[in-house]
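Here is the structure we will look at, set down as structure tokens.
The values are calculated or read from the model by the stated rules, or taken from the named source; none is laboratory data. Remember, it's a predicted structure, so these values are computed and weren't measured experimentally. Ideal geometry is used to build each Cβ from the backbone, glycine not excepted, and the neighbour counts take in all protein chains shown. Ligands, DNA and RNA are stripped out before the accessible areas are found, and what is left, the full protein with its side chains, is counted by its heavy atoms. Shrake-Rupley method; radii C 1.70, N 1.55, O 1.52, S 1.80 Å.
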Amino acid sequence: MAKPFILVNLKTYQEASGQRAHAIAGAAQQVADESGVEIGIAPSYMNIHPLSMHYTLPIYSQHVDAAPPGANTGSVTVEAIREAGASGSLVNHSERRLTLADIEAVVSRLKGAGLVSVVCTNNVATSAAAAALGPDFVAIEPPELIGGNVSVSSANPGIITGTVEAVRKVNPAVRILTGAGIHSGECVKTAIDLGTDGVLLASGVVKAKAPIAVLRDLVSRL
Ligand code: G3P
């Protein structure tokens with residue numbers, strides 16, 4: 001199995017904007033270096049370039065448009081995030097839903113640009129559909145648990161095992177993350193034991209008094 005991956009989505013939290021994004025990225029870099037666990041950060045568009053200049057950890061976009069370079073006003077292209085230093089992008093997050101056609105177009109554009117695609121899904125059926133598009137990752141996140149203190153690992157292990165089974169059946173090359181309410185090493189360990197390759201989380205790190213302590217706990221059981 002590939003190394004576990006922990007991806008921290010900074011969303012649009014005030015606690016993670018501007019210089020505060022640097023503090024969290026610096027903590028994530030330190031914990032990744034100490035532990036050998038791969039940790040990525042998904043900041044706002046505004047911070048992709050500054051963070052990629054300062055840190056070696058993978059930086060992800062939270063969304064990217066399917067529009068190609070050219071006469072498209074207001075879109076953020078795959079090429080633009082790559083030039084800013086992103087390694088990949090979230091696609092179809094619960095807070096940024098897309099149509100199936102858009103998901104397919106974005107996954108294929110990311111692939112063409114050599115960037116990693118992480119397609120977020122909300123149930124087993126959408127996980128299977130996403131896997132059929134051949135992204136690098138499917139990230140299963142039950143929307144009702146997002147932003148809360150109860151983790152998907154403890155509240156809904158069935159959605160994780162169901163996704164693992166469905167995705168493996170459709171395309172065994174696709175790696176699987178899970179998220180929603182993840183906040184401790186125990187949650188991460190359970191997610192891995194249920195067959196995932198890692199976790200996608202936000203508030204547990206971003207809203208913590210000491211993000212570095214939470215990050216150290218997240219990797220502590222791996
Ligand atoms: O993208 C991560 C996410 O939606 C989960 O958020 O705050 O429950 O860790 P959170």
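How large is the dipole of the range 5-219 about the Cα centre if only Lys and Arg carry +1 and Asp and Glu carry -1, each at its Cβ, rounded to the nearest 20 debye?
120
Can you tell me how much longer the chain between K169 and K111 gets when fully stretched, taken as 0.36 nm per residue apart minus their C-alpha distance, in nm with one decimal?
Numbers: separation 58, 0.36 × 58 = 20.88 nm, distance 2.15 nm.
That pair, K169 and K111, stretches by 18.7 nm at full extension.
Whole number in Å², please: accessible area per residue of the range 81-207, 1.4 Å probe, ligands, DNA and RNA not counted. Write down the numbers at each step before the final one.
Values: 4730 Å² over 127 residues.
I get 37 Å² per residue for this part.
Stretched out fully, how many nm does the piece from E15 to D33 gain, at 0.36 nm a residue minus the Cα gap? Please list the in-between numbers first.
Details: separation 18, 0.36 × 18 = 6.48 nm, distance 2.33 nm.
Gain on stretching E15 to D33: 4.1 nm.
Give me the compactness ratio for the chain, meaning the Cα radius of gyration over 2.2 N^0.38 Å.
On the way: Rg = 16.1 Å, N = 222, 2.2 N^0.38 = 17.1 Å.
It is 0.94.
What translational D, rounded to a whole number of µm²/s, comes out for the range 115-222 from Stokes-Einstein when the hydrodynamic radius is the Kirkwood one over Cα pairs, at 4 °C and 1.567 mPa s? Provide the component values of the computation, followed by the final result.
Numbers: Rh = 13.6 Å.
Taking Rh from Cα pairs, D becomes 95 µm²/s.
Given a 1.4 angstrom probe, I'd like the percentage of the accessible area of the chain that is carbon and sulfur, rounded to a whole number. Intermediate results must be reported in sequence, preceding the final value.
Numbers: 5060 of 9320 Å².
About 54 percent, which is the carbon plus sulfur part of the accessible surface.
How far apart, in nm, are the 7 Å Cα→Cβ label points at S44 and A125?
About 3.6 nm, to one decimal.
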